[in-house]
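We did not get these values from a lab; they are worked out from the coordinates using the rules stated. All values reported here derive from a predicted model rather than from experimental measurement. Here the Cβ is made from the backbone with ideal geometry for all residues, glycine too, and neighbour counts use every protein chain on show.
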Amino acid sequence: MADDDKKDEQELSEDEKLAAEWESAMEESGDADEDSREDEWAAAMAESGETGDDDGTGEDSGASRDNVRAAPMEEFPEGTNFSQGSGPAPDLDVILDIPVTISMEVGNTQIPIRNLLQLNQGSVIELDRLAGEPLDVLVNGTLIAHGEVVMVNEKFGIRLTDVISPGERIKRLQK
């Protein structure tokens, strides 16, 4: 009989030997007993009042669905407009202290990388905007207004000449 065991071991591949070692180690540690784990799981489910599959196939047969009740829904009066809000006004102080970045754009252009690499001190880049045209005022990269440059206490500033309406801003985002 011992010769048969040795012969079986020689016929096993390395992977099979490793699998057999793992299996024996799992049995020794008590983790290989799947039936006991399933029993523990079923007991925990029964204790919590939940049921798993009814027929042991891993699929719900639908019998437990008969016990399901719909959650009550709050009825709202006809014509309630949620975009305006029916409750108290939201507290805008929460967002009023959030910092945003305002930048002014004189103009822009596109050039090939070859030309970009040839730029040095004194180079002139032609922009797409005419001299005297208003600058774009951007908030976090979104155009909100146009304006002209002014000097305020020896610092540059901008005087807004045209503020973009919220509707127009949305249209520009959709493009």
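From Cα pairs below 8 angstrom and at least 6 apart in sequence, can you work out the relative contact order of region 97-174, rounded to a whole percent?
On the way: 89 pairs, mean separation 19.5, N = 78.
Across region 97-174, relative contact order equals 25 percent.
Per residue and in cubic angstrom, what volume does the convex hull of the Cα atoms of region 87-137 have?
Values: hull volume 9.6 nm³, N = 51.
It is 189 Å³ per residue.
Which cross-chain or sequence-distant (5 or more) residues have an amide H under 5 Å from the amide H of Ile158, H modelled 1.01 Å from N in plane?
Correct list: Val150.
Find how many whole Å separate the alpha carbon centroid of region 117-135 from the alpha carbon centroid of region 147-175.
Centre-to-centre distance over Cα atoms comes out at 20 Å.
Pull up all non-local amide H partners of Ala145: gap of 5 or more, or a different chain, and H-to-H distance under 5 Å with H placed in the peptide plane.
Residues meeting the amide H criterion: Val137, Ile164.
Run the simple label-point estimate for Leu119 and Val150 please: 7 Å along Cα→C-beta, distance reported in nm.
3.0 nm
Please list the radius of gyration and Dmax for region 97-174, considering alpha-carbon atoms only, with Å as the unit.
15.5, 44
Quickly rank 111-117, 167-173 as a protection proxy: mean count of other C-beta atoms within 10 Å, highest first.
Working: 111-117: 8.7, 167-173: 10.6.
Sorting 111-117, 167-173 by mean packing, highest first, produces 167-173, 111-117.
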